[in-house]
């Protein structure tokens, strides 16, 4: 194969390769475009003839064009390639972001650039996807911050509500304690009132009713006194059941004598008032000591009775 044939074959192989790559390709000699492939036409929107006759800076975005004019043709000869990303304008004015990989071919002396090679990739979609991803991340971060702030506010509200509930619980606990004290006092006062009512009736009323019954000779009056006595017993009967066992086991006479003992009366005074012998009063006193558990103890009966009341 001759040199001419080899050159022609090489050119065909180059064209086949250049027309089938996915990137745009431009070959520049000096300031003149000498070759572009079909993919570069697709990327820029210009025809091959338009690109071949177009100022090779025209498609660069205006705000970037001046910098490229300054830099173009001043490449470091020892630096065979470089990459940049920038915007270009298609023929219809659409802005496209490209990734440009530049390389060059030097003369045999290595001191002059013969050709510049520009391999151009349309990265508009990728850049848009990256921008969308950044925007999505910012939106997610914003939502996370908003959600975090909302959760923080909710937690603060819950903690505030918890503190309110704790305060209410403490207040209710204090109120319950106060109510328990009041109920206990009320029960104590009730018991004292009932006991006092029973003792007063048994000690101060019934004995004198019994004496009136003994001394009264009129039948009608006696019956009336009996009715009064029966009604009084019925009135205090519920109270008697709730009194302490020591007091409820005493008879009317023993309760009367116990009251006289608390008042400090002597056995003679008690016997005279009740119209009984001193021996009978002594017997009742012994029964009282026995019923309240003092029979075998050397305890002053009057002191004990006063303490019981």
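The values are calculated or read from the model by the stated rules, or taken from the named source; none is laboratory data. The model shown is predicted, which means the values in this text are computed figures rather than measured ones. FYI the Cβ positions are ideal-geometry reconstructions off the backbone, even for glycines, and counts take in every protein chain you see.
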With respect to residue 260, is the statement that it is buried (at least 18 other Cβ atoms within 10 Å of the Cβ) and modelled with pLDDT under 75 true?
no
Would you check which residues across segment 206-228 are touching a helix residue (DSSP H, G or I) at 6+ places or on another chain (Cβ under 6 Å) and within 23 Å of residue 271 (Cα to Cα) and list them?
206, 207, 209, 212, 213, 216
Pull up segment 102-154, narrow it to residues that are assigned to a strand (DSSP E or B) and without any contact (Cβ under 8 Å) to a residue 40 or more places away in the chain, then point me to the one that is farthest from residue 21 (Cα to Cα).
106
